[in-house]
Amino acid sequence: MKKVMIALLAGALTLTACNDDFLEKYPVTDLTEGNAFKEYDNFKAFMNPCYEMFTNTTIMTSINNSYLNAQFHGDWYGGLVTHRDNSRNPYAYETITATSDGGGWNFGYIRRINIMLSHLNDGALTPEQAAHWRSVGFFFSAFWYMELIDRFGDVPWIDKVIGENDEATYGPRTPRAEVADSIVARLEYAAAHIGKFNDGDNTITANAVKAALSRFLLREGTWAKYHGLNEPYEKYLQKCMTVSKELMDAYPTLYKGVDTQNPATGYGEMWTTESLKGKSGVILCKEFVDNMLMNRYNDFEHIAANAADVPQYTVDMFLMKNGLPIANAASGYKGGKGKDMWDTFADRDPRLYHNIQPPYVVAPNNKTPDNVNTFRTWKFLKAGDNNQGHVVTAEEEAKYRYYIDHMGANVKCVRGGAAGGEGMKRCPGQNWGASLTPVSPNLTTDSRVPYMRCRTGYYFWKNYDMWEFSTGSSAFCTADKPIFKIEEVLLNYAEAAWELNQFSQTVADMTINKLRERSGVAKMTVADINENFDPARDKGNAPWWTGKGGKFGNYNVDPVLWEIRRERQIELFGEGFAFYDIRRWAKAAYYVNRQPCGLWTTAKNNIYAPKNNAYTGQFVDYDQIKSTGKATAENNSVGSGWIYTYESPLTQGGWLDTYYLRMVPTSQIVLNRKLTQNPGYNELFGLGE
């Protein structure tokens, strides 16, 4: 049974969330400075609201109510997913609007932390306890500043309590390099001095601090390199390798999961397991507790509200099981023009099946189930069966059931919770009330089933399972979600090693190949990766590129680095990292400007259900998109093609280099004339200097 961190929950209830306005007011709390720091537990209660950072969606990797309301935005802005319902990526289609207030320019947490730090020497704590709370404060201040400099670059560095009339309140932005150095120093101090006191279950530890340090050192080191900043990026990357290796030694194994029916079980179950406490590789997680703190991650992915769609180019990113990219002539890839979703998914990296619902077709069942060929609400289709006027062939019979056998059959066909639903990703799918989804892909043009629908044909279901109770409207799900895990650290180590010319087969085996082994994908053999390993690699000549990029412009990505980055995008898909990554690589235009489309299909008599699931939308030429950067929609009357979703971002201009940093809110510049705007925004929105 999960334990509840009572102190944290109580603290969150008694202490109001931090103020959104820059240094305007003190945090409003029920505790005052006069009574808040009399004993150890007072410090704990005062700092508990800082744990809200892990659910604050200003940080795009944060855990909140559902994927669509949290990590989706990091993946959407980063070009890996699209929105089903006619919402376009604002960074691709130039619909970003001027920021007058908010936008993440928030120093409320920092003020709270500084208040706590100012009372460490009041005499209530032992030296060890004071060092511990200084470490906790340093961790949270550094963690928030990591987000601030990623968004804004130069930001005011505030390390003491200041009032409205203090000169520092209206000071200039501190250079990014200074802030970055202070972040590293604070995290290093915290990792060395945080104590082992009874602060409650699942609170900050030295290893959680190290995980944040690993993340920041890679992020800032590569940002500095590719954007040409005057920062010691090689020093940061070497430190990243050092701290990452410490964590790799402390967490030598990956979580393997328990649902043996699924391939790559541990990868998938990291997001669908009731309790992650003590699981291999989990450094810190967000705990959810029945009837106390619940979420809608799984619930959303059973219902119509899940508008996260996956475009064809993201599906193409996933490797074959043999470790080769699909464009490699030796890969054995069966998909492409004229091929169905079974061909596209055949022999692919099993992590694909944990992120995108695989294809299947079943028929509703109104007879007694035998749990072999017929089940409570559905049955397998056999060769010779008449399915909506189409006689099923032997080849179709095999295809229709392949991924049901592969992922595990939805045998019980009941709701989760007390109703008895069990298992993780089972096919066929069902909504929260156990109503059947008889076909995947369930395209939006099919009016029969209004839930679990997708526009591209690739339905996002990373958090989908059968055991959690759902209502379709409220938060009742209790699967824990990871905050820091060793998988990210392995990828940080691998990438930092390449940037320092230290990547080798040994490093690949220590990092990427551990991830591949768990997922059943052939190991990376570094010596085999040459210029032709992936013909679709970004060679610096993509026709959809816009802007100048960073220090190296539209550079040709090294073949090995391309594979390291691919592994990161696959392993961390659906976790909100994409927008951080493509910007630090100075490759945002490459990822954001790609015109999205869906799978290849036919208008009529398609294999997914010949009559009632006919595709009635428009088509587009994906080959033309890849060769020229854009293609126009084709009428349904052409009969077949890739599903058209959105026009090319190039029609609206595409990515602007101005977007690498966010806009400083204009209201803050009005309040503080020493603040300056980030490059390009005054010109973009016609603002004065």
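Here A191 clears all of (1) under 20 Å from Y493 (Cα atoms); (2) in contact with a Pro (Cβ under 9 Å, 6 or more places away or on another chain) except the condition numbered (2). Test of understanding: among L276, L284, L324, L319, which residue is within 20 Å of the chain's Cα centre (by Cα), closer than 23 Å to L561 by Cα and outside the structural domain of E188 (by the TED database)? The match here is L319.
One residue alone among G420, G429, G433 is open to solvent by less than 50 Å² (accessible area, probe 1.4 Å), without any contact (Cβ under 8 Å) to a residue 12 or more places away in the chain and not aromatic (F, W, Y), and that residue is G420.
None of A496, A542 is touching a Gly at 6+ places or on another chain (Cβ under 8 Å) and closer than 30 Å to P649 by Cα except A542. For segment 398-408, the criterion of being among the hydrophobic types (A, V, I, L, M, F, W, C), surrounded by fewer than 21 Cβ atoms within 10 Å (Cβ to Cβ) and without any contact (Cβ under 8 Å) to a residue 24 or more places away in the chain is satisfied by at least one residue. Scan segment 331-350 and tell me whether some residue there is surrounded by fewer than 23 Cβ atoms within 10 Å (Cβ to Cβ) and under 18 Å from W562 (Cα atoms). Yes: one or more hits.
Please tell me if S447 is at pLDDT below 95, farther than 18 Å from P263 by Cβ and surrounded by 24 or more Cβ atoms within 10 Å (Cβ to Cβ). No. Scanning for something part of a strand (DSSP E or B), over 18 Å from R376 (Cβ atoms) and under 25 Å from the mean Cα position of the chain (by Cα), does segment 425-443 turn up at least one residue? Yes, that holds for at least one residue.
If you go through segment 432-480 and keep only what is of a type in the set (A, V, I, L, M) and farther than 27 Å from F619 by Cα, you end up with A434, L436, M466, A475, A479.
Looking across V620, V670, one residue alone is modelled with pLDDT of 95 or more, among the hydrophobic types (A, V, I, L, M, F, W, C) and open to solvent by 40 Å² or more (accessible area, probe 1.4 Å). It is V670. When you go through N365, N387, N371 one by one, which is the residue that is free of Cβ contacts under 8 Å to residues at least 24 places away in the same chain and not charged (D, E, K, R)? Being free of Cβ contacts under 8 Å to residues at least 24 places away in the same chain and not charged (D, E, K, R) holds for just one of N365, N387, N371, which is N365. Of the listed requirements (1) surrounded by fewer than 16 Cβ atoms within 10 Å (Cβ to Cβ); (2) assigned to a loop (DSSP other than H, G, I, E, B), K412 misses just one: (1). Suppose the filter is touching a Ser or Thr at 6+ places or on another chain (Cβ under 7 Å), open to solvent by 20 Å² or more (accessible area, probe 1.4 Å) and in contact (Cβ under 8 Å) with a residue 60 or more places away in the chain; does T602 pass it? Considered against the rule, which asks whether it is touching a Ser or Thr at 6+ places or on another chain (Cβ under 7 Å), open to solvent by 20 Å² or more (accessible area, probe 1.4 Å) and in contact (Cβ under 8 Å) with a residue 60 or more places away in the chain, T602 comes out as no. Picking from residues in segment 69-101 that are more than 12 Å from the chain's Cα centre (by Cα) and under 10 Å from A308 (Cβ atoms), the one that is most open to solvent (accessible area, probe 1.4 Å) is H83. Here P535 does not qualify as closer than 22 Å to Y91 by Cβ and in a loop (DSSP other than H, G, I, E, B). The set of residues in segment 663-677 being under 12 Å from A98 (Cβ atoms) and part of a loop (DSSP other than H, G, I, E, B) consists of M663, V664, P665, Q677. Selection over segment 499-524 of residues that are farther than 16 Å from P263 by Cα and acidic (D, E) gives a count of 2. Taking first residues from segment 568-595 that are at positive phi and partners that are part of a helix (DSSP H, G or I) and aliphatic (A, V, I, L, M), no Cβ contact under 7 Å between residues at least 6 apart in sequence or on separate chains turns up. Of the helices (runs of 4 or more DSSP H) that lie entirely inside segment 86-205, those containing 3 or more residues that are more than 27 Å from R219 (Cβ to Cβ) and at pLDDT 95 or above span 127-152.
Of the residues making up segment 290-313, those that are open to solvent by 30 Å² or more (accessible area, probe 1.4 Å) and either farther than 21 Å from T444 by Cα or touching a Pro at 6+ places or on another chain (Cβ under 9 Å) (or both) are D290, N291, M292, L293, M294, R296, A304. Of all the residues that make up segment 137-159, how many are small (G, A, S) and in contact with a strand residue (DSSP E or B) (Cβ under 7 Å, 6 or more places away or on another chain)? Within segment 137-159, residues that are small (G, A, S) and in contact with a strand residue (DSSP E or B) (Cβ under 7 Å, 6 or more places away or on another chain) number 0.
Give the residue, chosen from E269, E287, that is open to solvent by less than 20 Å² (accessible area, probe 1.4 Å) and acidic (D, E). Step by step, each of E269, E287 is checked, and only E269 is open to solvent by less than 20 Å² (accessible area, probe 1.4 Å) and acidic (D, E).
The values are calculated or read from the model by the stated rules, or taken from the named source; none is laboratory data. What you are looking at is a predicted structure, and each value in this text was computed from that prediction instead of being measured. We place every Cβ from the backbone using ideal geometry, glycine too, and count neighbours over all the protein chains shown. Heavy atoms of the whole protein, side chains included, go into the accessibility calculation; ligands, DNA and RNA do not. Shrake-Rupley method; radii C 1.70, N 1.55, O 1.52, S 1.80 Å.
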